[in-house]
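Trainee: The structure follows.
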Amino acid sequence: MDVPQIKKAAKVYDVVIVGSGAGGGMAAYQLSKAGATVCLLEAGGYFDPADPKYINQLKWAYESPRRGAGTTRAFGDFDAAWGGWEIEGEPYSAVKGTEFHWFRSRMLGGRTNHWGRISLRMGPDDFKRKSLTGIGEDWPLGYEDYAPYYDKVDDLIGVFGSKEGLRDAPDGRFLPPPKPRLHELMIKKAGKSIGVPVIPSRLSILTKPIHDRGGCFYCAQCGRACQAYADFSSSSVLCIPAVKTGRVTLINGAMAREVITDAKTGLATGVSYVDVPTMTEQSVMGKVVVLAASTCETARLLLNSKSARFQNGLANSSGVVGKYLNDSTGASRGAFIPALMDRKRYNEDGVGGAHVYSPWWLDNKKLDFPRGYHIEYGGGMGMPMYGFGFGMEGRNSIVPGRDGKPKAAGGYGADLKDDFRRFYGANIGMAGRGEPVPLESNYCEIDPNTVDKYGIPTLRFNYKWGEAEIKQAKHMQDTFEEIIHAMGGIALGKKPGPETNYGLEAPGKIIHEIGTARMGNDPKNSVLNKYSQAHDVKNLFVVDAAAFPSQGDKNVTWTILANSWRTSDYIIDQVKQKNI
Amino acid sequence: MKRRDSLKAITLSSLGFAGLNPQISAAESIMPPDVKPVKIPGGRQKFEAERDAKLNADKFFTPHELKTVTVLGDIIIPADAKSGSASQAGTPAFIEFMMKDQPQWQTPMRGGLRWLDNVCTKRFGKKFADCLKAQQIEIVDEIAYPGKAKPEMSQGVAFFNMMRGFVATGFFTSQMGIKDLGYVGNTPNQWEGVPADVLKQYNLSYDE
């Protein structure tokens, strides 16, 4: 590529990494610790959870003029993540009749600033879906390949959990789990009575301090970023320590445009980017290029990296880049638990997220859908935030008043004020997160008509749920009601039915998308080999979830970390052997 | 780092002793040198700080509307033995802010207040805020109970449901309301599980 206006920096780094989330952070950490010089490009700004200028942790609802409403941040005013499903000047589109919502975090650490710290390993069968069911695709690797890396990730980053010996939810090297909260004990008891397992969650939160990071102090606010570094985010645990090696040059505000390749050799030589603060075109050169821009952004970058030699986009001789895009399924339901009315008050903030969850427990051979899901739970006496008290008219006639007499719904005055006290902490919520079947027909591509504010062609999505996912959501809804009834609870709202696909969230809403540059043994139907190395370009690697052929019902962050570490080891090995 | 030490460190850093944290110097050294400092409150992005400043400078409610919101708010959440009223907790100002922050509420709110004034004017010859307390309560009784309201009051019911929500959020997310509700978290602590007396009350245990 030869564009005259691009100023070329003289330095050639050992590795250029695009993206500072879980995948890019881990690669920067491992490669710099191994002695490589690394240039880490991040499209968004700098972020450090311990720097007061970024801290929202331990703020009260009333310190936000909107009391925490999600006006400018989708998950509330105090959520750590900048960006969201809509970013000014960075549009995307969808083909008519299809839908995808693309969540982006433009900041150091990327989307590890927004997640539930749910850190699950994929199980042995999750890697072998095609062999086991005839549907979907196998990974070119198995659990045995990832197990040592999952172990290393557990030790480096920290995750709590319990040894359960479940085949589909392999145990890790766990820190002690926190005890369940009151409603979680009730869920556990109800689950037991109907055969739904409820076990301690597996979250990357430090119930014991490790590696100079602080221990959890139980404020329930991991989502706001932890100033003690007691939870995992890529900024605090990987990127900042990597920068401290002195071998990592972090460039914030670097919006990647293209991977640059050599016309003769076909090898990657660097990355061109827009320097956001100055809106100038820049580039960095590297001997190895590692993409970790996020599943869809990585696909966009490859598809936009066209040249005479790579007319279809880079690493895309298979035509598979952008295809097999898949997000977790998600459906949820809320309930009111009369037994929890008029509760005794105490601090039950706990860690940020549920202390228990339900791993998938059934055999799909006996069901009318092919893949499983796990259940996440919510509830408790949390800090009242924006939205508190809305909808009381649908709630306060369900049970008699203090005097034992029936009450009319709604109301006002001292009696209503008392109802808010009585109902506080008596609601629970549950959400299923399931495995979708990856389909070639679900994909992102370059929109022929649109560019973003940087002049970079944008993505157009084409995504529809299939029967498998809709039936799975129906099963979730049935299970939720079963659990609620077993608790003596009252399900809130109308049970979602076929008219809403049983409450199945739109694609992209669960923010677990993977698959757009999947690995495989056959270069004709995959983009990367089993080392996440491009079949077509041997010094180009992908270490985000674009590389994954499937995702199980396991939130993919832990697998991104394990795969990025494994790929980094391979890069180090190949450089030593002078293969790249 | 011992947990107690990390708690200490948190207290210090939250007071602004940033220099005590070794991460800060690392942060500064990799900031681009040409970035000009902007006065932004902690935890906010620049565009958010600018947006909030603009919203705070704007006005939505007329003095009459604000008076109506205040009167109605204190009918929904009055002072009682335990805590003060909605207006004493600053709820009208919160509702004013939300109208500007999320403009989709403006028409239902402004229109609802006008609906209320119109009903009162027809029946009592005065706007809601100028009516006698008994007259105000007479109207509120007709829109506060969705299951009992007459069909011709349905728009009033919808308005009152919205208002009840805003007043409840405004009150119970205030310092006064949080204290009233008895939320005792948002502070460093050690989670040891559900207190023994509560476990006993619910006939639950950690041994099952």
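The values are calculated or read from the model by the stated rules, or taken from the named source; none is laboratory data. Worth saying up front: this structure is predicted, and the values here are computed from it rather than measured. Methodologically, a virtual Cβ is constructed for each residue, glycine included, from the backbone with ideal geometry; neighbour enumeration extends over all protein chains shown. Calculation scope for accessible area: heavy atoms of the full protein, side chains included, ligands and nucleic acids excluded. Shrake-Rupley method; radii C 1.70, N 1.55, O 1.52, S 1.80 Å.
Trainee: Please work out if A:I484 is buried (at least 21 other Cβ atoms within 10 Å of the Cβ) and either farther than 24 Å from A:W102 by Cβ or free of Cβ contacts under 8 Å to residues at least 24 places away in the same chain (or both).
Mentor: Spelling it out, A:I484 is indeed buried (at least 21 other Cβ atoms within 10 Å of the Cβ) and either farther than 24 Å from A:W102 by Cβ or free of Cβ contacts under 8 Å to residues at least 24 places away in the same chain (or both).
Trainee: Also, I was wondering about something else. Suppose we filter A:A147, A:A220 for residues that are open to solvent by less than 40 Å² (accessible area, probe 1.4 Å) and either free of Cβ contacts under 8 Å to residues at least 40 places away in the same chain or within 12 Å of chain B (Cβ to nearest Cβ) (or both); which single one remains?
Mentor: A:A147
Trainee: Same structure again: Under the condition of being without any contact (Cβ under 8 Å) to a residue 24 or more places away in the chain and not basic (K, R), which residue from segment B:112-128 is least open to solvent (accessible area, probe 1.4 Å)? Write out each step before concluding.
Mentor: Let us first name the residues in segment B:112-128 that are without any contact (Cβ under 8 Å) to a residue 24 or more places away in the chain, namely B:114, B:118, B:120-126.
Those still in the list that are not basic (K, R) too: B:118, B:120-121, B:124-125.
On the way: B:N118: 78, B:C120: 0, B:T121: 65, B:F124: 45, B:G125: 56 Å².
Out of the qualifying residues, it is B:C120.
Trainee: When segment A:207-217 is examined, which residues are found to be free of Cβ contacts under 8 Å to residues at least 60 places away in the same chain and either in a helix (DSSP H, G or I) or within 9 Å of chain B (Cβ to nearest Cβ) (or both)?
Mentor: Just the residues of segment A:207-217 that are free of Cβ contacts under 8 Å to residues at least 60 places away in the same chain, to begin with: A:208-215, A:217.
Residues satisfying the conditions are A:K208, A:P209, A:D212, A:R213, A:G214, A:G215, A:F217.
Trainee: Listed residues A:G350, A:G313; which is on the phi > 0 side of the Ramachandran plot, open to solvent by less than 20 Å² (accessible area, probe 1.4 Å) and in contact with a strand residue (DSSP E or B) (Cβ under 9 Å, 6 or more places away or on another chain)?
Mentor: A:G313
Trainee: Does segment A:250-264 include one or more residues that are closer than 30 Å to B:T187 by Cβ, surrounded by 23 or more Cβ atoms within 10 Å (Cβ to Cβ), more than 11 Å from chain B (Cβ to nearest Cβ) and touching a helix residue (DSSP H, G or I) at 6+ places or on another chain (Cβ under 6 Å)?
Mentor: No, that holds for no residue.
Trainee: So, in segment B:52-71, of the ones that are buried (at least 16 other Cβ atoms within 10 Å of the Cβ) and facing another protein chain (nearest Cβ under 9 Å), which residue ends up nearest to A:F47 (Cα to Cα)?
Mentor: This residue is B:D52.
Trainee: Just one of A:T500, A:T557 is under 17 Å from the mean Cα position of the chain (by Cα), of a type outside the set (D, E, K, R) and open to solvent by 10 Å² or more (accessible area, probe 1.4 Å); which is it?
Mentor: None of the other options fit; the residue is A:T557.
One line per residue, one yes/no per condition, for (1) surrounded by fewer than 19 Cβ atoms within 10 Å (Cβ to Cβ); (2) without any contact (Cβ under 8 Å) to a residue 24 or more places away in the chain; (3) in contact with a strand residue (DSSP E or B) (Cβ under 8 Å, 6 or more places away or on another chain); (4) outside any helix (DSSP H, G or I):
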{"residue": "A:K471", "(1), (2), (3), (4)": "yes, no, no, no"}
{"residue": "A:G488", "(1), (2), (3), (4)": "yes, no, no, yes"}
{"residue": "A:D522", "(1), (2), (3), (4)": "yes, yes, no, yes"}
{"residue": "A:K530", "(1), (2), (3), (4)": "yes, no, yes, yes"}
{"residue": "A:D573", "(1), (2), (3), (4)": "yes, yes, no, no"}
{"residue": "A:K578", "(1), (2), (3), (4)": "yes, yes, no, yes"}
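Trainee: Hey, can you tell me all the residues within segment A:534-553 that are within 19 Å of A:G313 (Cβ to Cβ) and either without any contact (Cβ under 8 Å) to a residue 40 or more places away in the chain or among the charged types (D, E, K, R) (or both)?
Mentor: Correct list: A:D536, A:K538, A:D544, A:A547.
Trainee: Looking for whichever is closer than 27 Å to A:M279 by Cα and either open to solvent by 10 Å² or more (accessible area, probe 1.4 Å) or touching a residue at least 60 places away in the same chain (Cβ under 8 Å) (or both) here; the options are A:A94, A:A10. Which one fits?
Mentor: A:A10
Trainee: Would you confirm whether any residue within segment A:76-85 is over 25 Å from A:C216 (Cβ atoms), open to solvent by less than 10 Å² (accessible area, probe 1.4 Å) and assigned to a loop (DSSP other than H, G, I, E, B)? Break it down stepwise before answering.
Mentor: Restricting attention to segment A:76-85, the residues satisfying the condition of being over 25 Å from A:C216 (Cβ atoms) are A:83-85.
Cutting the leftovers down to open to solvent by less than 10 Å² (accessible area, probe 1.4 Å) gives us A:84.
Filter once more, keeping what is assigned to a loop (DSSP other than H, G, I, E, B): none.
No, segment A:76-85 contains no residue that is over 25 Å from A:C216 (Cβ atoms), open to solvent by less than 10 Å² (accessible area, probe 1.4 Å) and assigned to a loop (DSSP other than H, G, I, E, B).
Trainee: Of the residues that make up segment A:46-63, is at least one within 21 Å of the chain's Cα centre (by Cα) and away from every other protein chain (no Cβ under 12 Å)?
Mentor: no
Trainee: Yes or no: A:E99 surrounded by fewer than 18 Cβ atoms within 10 Å (Cβ to Cβ) and within 9 Å of chain B (Cβ to nearest Cβ)?
Mentor: Criteria not met by A:E99.
Trainee: Something else now. If the requirement is being in a loop (DSSP other than H, G, I, E, B), free of Cβ contacts under 8 Å to residues at least 60 places away in the same chain and open to solvent by 40 Å² or more (accessible area, probe 1.4 Å), which of these qualifies: B:A81, B:A134, B:A93?
Mentor: Values: B:A134 fails: in a loop (DSSP other than H, G, I, E, B); B:A93 fails: in a loop (DSSP other than H, G, I, E, B).
Matching residue, one of B:A81, B:A134, B:A93: B:A81.
Trainee: Could you list, ordered by first residue, the pairs with Cβ atoms under 8 Å in which the first is in segment B:44-63 and in a helix (DSSP H, G or I) and the second is open to solvent by less than 60 Å² (accessible area, probe 1.4 Å) and polar (S, T, N, Q), at least 6 apart or interchain?
Mentor: Hits for this filter: B:F47/A:T72; B:E48/A:T72; B:R51/A:T72.
Trainee: Given B:M153, B:M109, B:M162, B:M98, which one is among the aliphatic types (A, V, I, L, M) and facing chain A (nearest Cβ under 8 Å)? Walk me through how you get there before you give the answer.
Mentor: Details: B:M153 fails: facing chain A (nearest Cβ under 8 Å); B:M109 fails: facing chain A (nearest Cβ under 8 Å); B:M162 fails: facing chain A (nearest Cβ under 8 Å).
After applying the criteria, what remains is B:M98.
Trainee: Please count how many residues of segment B:137-173 are hydroxyl-bearing (S, T, Y), assigned to a helix (DSSP H, G or I) and surrounded by 17 or more Cβ atoms within 10 Å (Cβ to Cβ).
Mentor: Residues flagged as hydroxyl-bearing (S, T, Y), assigned to a helix (DSSP H, G or I) and surrounded by 17 or more Cβ atoms within 10 Å (Cβ to Cβ) within segment B:137-173 amount to 1.
Trainee: Scan segment A:21-53 residue by residue and report those that are closer than 20 Å to B:I40 by Cβ and either in a strand (DSSP E or B) or touching an Asp or Glu at 6+ places or on another chain (Cβ under 6 Å) (or both).
Mentor: Scanning segment A:21-53 gives A:E42, A:G45.
Trainee: Quick check, is B:K179 open to solvent by 30 Å² or more (accessible area, probe 1.4 Å), closer than 30 Å to A:C219 by Cβ and touching a residue at least 12 places away in the same chain (Cβ under 8 Å)?
Mentor: Spelling it out, B:K179 is indeed open to solvent by 30 Å² or more (accessible area, probe 1.4 Å), closer than 30 Å to A:C219 by Cβ and touching a residue at least 12 places away in the same chain (Cβ under 8 Å).
Trainee: Out of A:K407, A:K453, which single residue is farther than 17 Å from A:G334 by Cβ, free of Cβ contacts under 8 Å to residues at least 40 places away in the same chain and basic (K, R)?
Mentor: A:K407
Trainee: Filter segment A:377-390 down to residues that are facing chain B (nearest Cβ under 7 Å) and at positive phi and give me whichever is surrounded by the fewest Cβ atoms within 10 Å (Cβ to Cβ).
Mentor: Top of the filtered list is A:G387.
Trainee: So for segment A:437-445 (the condition being in a strand (DSSP E or B) and surrounded by fewer than 22 Cβ atoms within 10 Å (Cβ to Cβ)), does at least one residue qualify?
Mentor: yes
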